[in-house]
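Report on the following structure.
Each reported figure results from applying straightforward, stated rules to the coordinates on display, with no laboratory input. Keep in mind that this is a model prediction, so the values were computed, not measured. Here Cβ is always computed from backbone atoms with ideal geometry, including for glycine, and neighbour counts include all displayed protein chains.
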Amino acid sequence: MGQADTLARTLRLREALEALEQAAQLWRTSGAAAEHRRCSLLAAETARLAGQPERSRRHAIAALEGADAGTEAQVHALLAAADMAQGDAAGAEEQFSFAISLLPGAAAPAWWQARAQARMSLGRFGDAALDLEEASRRCIEVGDPASGRSAAVHAACAWHAAGRRDEAGRILAEIEASAQAARDDHALGAAEVLRATLSIEAGDPCEARTHLLSARKHALASRSVDTYIAAASALALLADRLGEHAQAYAALATGWATLADLTGPDLARSTFEPQLKALLQQWGTLRFAAIKQQYERQPRNG
């Protein structure tokens, strides 16, 4: 079903793109510059969604002729997206910077987030963190605090990648206060995963486990698949490193069953089967079988 939906969506995008290209050509031929720009922009965005960056680039450039600052900014954002799709993070960073400079007070939060992605690809984690903090502020300003907290979590991760644990901790405290007030389990779960990482780095595996268990609970409450996978996998890895083999197996087996309930069997299998096979190789067949049998005899919590 998922593959069929993807195919249908792709076919619809192609049909829409062809119609927009025809309309843009007709408006160009008739001399209607504004309509030509509008259709070219729509064609560029549709081509981007269809996974055709060169085609998107061509239509974006066509929309530049006679464009105002707002349209020009949109064009450069589309050119940046095409660069990222083709693996040119430096080009994308430059194009997003130009787009943002054209609309310094009105640039979309998504542009700041996308430039952050490009900067992270270039290893500029501190600059990416600043962009993500700005994206968070702008999301809140436009009345979308949940997206603001999500951007802030990514900012904290970027600060951590930059080696700035102090900045990561500052943002985490702000996220947690806001998320607890809003009962935002999605943000709380993601924050707890980073808290666990900081605890491990500080040499406190017990505190890390507490954070991971909390992350898993919040992920279930918000049906946050990525956070659930991260928490379950980290719990298993941590338990294995501590020599707690039964807990390591339980984290993965429970994770497999729970993720299957959330998303279906395919993702659950592809996520957890390789990790269980790795433990089988590491522990040996007899030890693995004994731990599996012990797990299957016990009552299991979610």
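Label-to-label distance, Arg241 versus Val225, with points set 7 angstrom from Cα along the beta-carbon direction: 2.7 nm.
Label-to-label distance for Arg170 and Leu286 is 5.7 nm, based on points extended 7 Å past Cα in the beta-carbon direction. Shown here: the range 147-288, whose C-alpha atoms stretch 48, 34, 22 Å along the first, second and third principal axes, sorted largest to smallest. Modelled label positions at Arg297 and Asp144, each set 7 Å beyond Cα in the direction of Cβ, lie 5.3 nm from each other. The alpha carbons of the range 183-252 give a radius of gyration and a Dmax of 11.3, 35 Å, in that order. Rounded if a/c is under 1.5, else prolate if a/b is larger than b/c, else oblate: which is the range 19-131, with a ≥ b ≥ c the root eigenvalues of its Cα gyration tensor? Prolate, because a/c is 1.5 or more and a/b exceeds b/c. A Förster distance of 22 Å, applied to the separation of the beta-carbon atoms of Ser121 and Ser97, puts the FRET efficiency at 0.95.
Amide H contacts under 5 Å for Gln52: none, restricted to partners 5 or more places along the chain or on a different chain, H placed in the peptide plane at 1.01 Å from N. Within the set (i) 151; (ii) 140; (iii) 162, the number that volume of the Cα convex hull per residue in Å³ takes when calculated for this structure is listed as (i).
Backbone phi angles across the range 151-163, fed through the Karplus curve with coefficients 6.51, -1.76 and 1.60 (θ = phi - 60°), yield HN-Hα couplings of 5, 5, 4, 5, 5, 4, 5, 5, 4, 4, 5, 7, x Hz in residue order; Gly and Pro are listed as x. Hydrodynamic estimate: the Kirkwood radius of the range 121-199 over Cα pairs, inserted into Stokes-Einstein at 10 °C and 1.306 mPa s, corresponds to D of 130 µm²/s.
Cα convex hull, the range 99-165: 68 Å³ per residue, rounded to a whole number. Shape class of the range 56-101 from the alpha-carbon gyration tensor: oblate, with a/c at 1.5 or above and b/c at least as large as a/b. Cα gyration tensor of the range 17-78, axes a ≥ b ≥ c as square roots of the eigenvalues: rounded (a/c below 1.5), prolate (a/b > b/c) or oblate? In terms of gyration-tensor shape, oblate.
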